[in-house]
Amino acid sequence: MPSPSDSEPNAPPDHLAEPVVAAAMDGDLSAFEQLVLHHQGGVRGYLAARLAQRAEAEDLARIDHHIRRRGAADR
C-alpha cells in the first residue's frame, strides 16, 4: 500500500513528517508551508463536499491558510 507521501507530490517523506510538524510548531514558516501544501487539497476537498459552491470552499480554504499562518508566525 502506498504511503501518503507516495500519492501526494508535496508531502514530506514519511521519515520527515514528524520533524516538519515539530519545526512548524516551533514557528518555522518554511515547514508550515510544507504542511499547508501537503494538506491543502484535502482541506479544499472536504469543504467542497460540504458547501454548495466551489468558490466558497476555495475562499474558506484560503482564509483557513491565512489564519493558521498568522498563528504559526505568532508563536
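Restricting the range 60-75 to residues that are under 15 Å from Ala48 (Cβ atoms) and charged (D, E, K, R), the residue that is modelled with the highest pLDDT is Arg62. Set side by side, the residues Ala11, Ala48, Ala17 differ, and just one is at pLDDT 85 or above and buried (at least 16 other Cβ atoms within 10 Å of the Cβ), which is Ala48.
Looking across the range 34-75, the residues that are touching a residue at least 24 places away in the same chain (Cβ under 8 Å) and in a helix (DSSP H, G or I) come down to Gln34, Val36, Leu37, His38, Gln40, Gly41, His65, Arg68, Arg69, Ala72, Ala73.
Of all residues in the range 36-57, those that are closer than 14 Å to Ile67 by Cα and in contact with a Lys or Arg (Cβ under 9 Å, 6 or more places away or on another chain) total 1.
The values are calculated or read from the model by the stated rules, or taken from the named source; none is laboratory data. Remember, predicted model here, so these are calculated numbers, not experimental data. For neighbour counting, all protein chains shown are included, and Cβ atoms are generated from backbone atoms with ideal geometry for every residue, glycine included.
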